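> The structure under discussion is supplied below as structure tokens; questions concerning it will follow.
Nothing in this text is a laboratory measurement; each read-out follows from the coordinates by a stated rule. Bear in mind the structure is a predicted one, so any value in this text is a computation, not a measurement. Cβ: placed from backbone, ideal geometry, glycine included. Neighbour counts: every protein chain shown.
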Amino acid sequence: MIDVKNITKIYKTGDIEFQALRGVSFTIKDGEFVAIMGPSGSGKSTLMHILGCLDTPTAGTYFLDGKDVSTLSDDELADVRREKIGFVFQSFNLLPRTTVLRNTMLPLMYSGIDEEERKKKAVKALTATGMTDSHYHHLSNQLSGGQIQRVAISRALVNDPSLILADEPTGNLDTKTGDIVLGTFQKLNEELGRTIILITHEPDVAEHADRIIYIRDGQIVEDGRAHSKRKARHHA
């Protein structure tokens, strides 16, 4: 699914250059659950932006589903994001006075799909993350933190993306609630075969994945299987 070769990223401010990524290479197969882990300033956020087609590399290639996206225009990158990538962020990014169902339907607003079909897709995505119909008409600001994040995951799923990219998805959650959310990602990976990339700086969070790529100073320093078994799934 993903083939990254010799990716570098250089930021320039006047005459000053900063190299955020230094020849990063790796592949991720369809259906893998991978954590990218590193401390602040390691380059993981820059890498996330490139993997999410939010930015392009200075040099190197990035193939997603067999297509070289490293040289696409901004409009073409927007099309890839809409069609192939579902994003889950630390800050949830839900509309607070909008229902769970409407929040989940939002990515489909400009897809040309009629409202009834949008509702069907939203319900399917919510069901996949364990949200019951008793929550569909709640406003998002009436939910717990874990429920809000599962709605955000549902919204990421609604377009049936090839890749789910989660950026510090438990950063605003307590440990127990975070485990519930991470269990949702595990379920999506194990039962639905979703490819998931989890960006984190926390070892306990990274251990929920099958594979961990460690990045430091813009380079991959280790890439291997998670050291511990996946934690038992929790249910809200």
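> In segment 71-96, what residues are over 18 Å from the mean Cα position of the chain (by Cα) and closer than 24 Å to residue 107 by Cα?
Within segment 71-96, the first condition is being over 18 Å from the mean Cα position of the chain (by Cα), and the residues that meet it are 71-76, 95-96.
Residues satisfying the conditions are 72, 73, 74, 75, 76, 95, 96.
> Can you report the number of residues in segment 82-110 which are among the polar types (S, T, N, Q), surrounded by fewer than 20 Cβ atoms within 10 Å (Cβ to Cβ), touching a Phe, Trp or Tyr at 6+ places or on another chain (Cβ under 9 Å) and at negative phi?
Qualifying residue count, segment 82-110: 1.
> Can I ask one more? Considering only residues that are of a type in the set (A, V, I, L, M), part of a strand (DSSP E or B) and under 17 Å from residue 156 (Cβ atoms), which ones fall in segment 189-215?
Taking segment 189-215 as the starting set, the residues that turn out to be of a type in the set (A, V, I, L, M) are 192, 196-199, 205-206, 209, 212-213, 215.
If we keep only those that are part of a strand (DSSP E or B) too, we end up with 196-199, 212-213, 215.
Across segment 189-215, the qualifying residues are 196, 197, 198, 199.
> Please state which one of 64, 77 is out of contact with any Lys or Arg (no Cβ under 9 Å at 6 or more places or on another chain), hydrophobic (A, V, I, L, M, F, W, C) and under 21 Å from residue 1 (Cα atoms). Working first, answer last.
Values: 64 fails: out of contact with any Lys or Arg (no Cβ under 9 Å at 6 or more places or on another chain).
Going through 64, 77 in turn, the sole match is 77.
> Another question about this same structure. Take segment 125-172 and flag every residue that is farther than 21 Å from residue 34 by Cβ, in contact (Cβ under 8 Å) with a residue 24 or more places away in the chain, over 13 Å from the mean Cα position of the chain (by Cα) and in a helix (DSSP H, G or I).
Selection gives 125, 126, 135, 140, 141, 145, 146, 147, 148, 151.
> Taking into account only those residues within segment 2-37 that are among the hydrophobic types (A, V, I, L, M, F, W, C) and free of Cβ contacts under 8 Å to residues at least 40 places away in the same chain, which is surrounded by the most Cβ atoms within 10 Å (Cβ to Cβ)?
Only one residue tops the list, namely 18.
For every residue, the table says whether it meets (1) among the β-branched types (Val, Ile, Thr); (2) closer than 24 Å to residue 186 by Cα; (3) in contact (Cβ under 8 Å) with a residue 12 or more places away in the chain; (4) not in a loop (DSSP other than H, G, I, E, B).
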{"site": "72", "(1), (2), (3), (4)": "no, no, yes, no"}
{"site": "76", "(1), (2), (3), (4)": "no, no, no, yes"}
{"site": "86", "(1), (2), (3), (4)": "no, yes, yes, yes"}
{"site": "120", "(1), (2), (3), (4)": "no, yes, no, yes"}
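> Out of (1) in a loop (DSSP other than H, G, I, E, B); (2) polar (S, T, N, Q); (3) surrounded by 14 or more Cβ atoms within 10 Å (Cβ to Cβ), the odd one out for residue 61 is which?
Checking residue 61 against (1) in a loop (DSSP other than H, G, I, E, B); (2) polar (S, T, N, Q); (3) surrounded by 14 or more Cβ atoms within 10 Å (Cβ to Cβ), the one that fails is (1).
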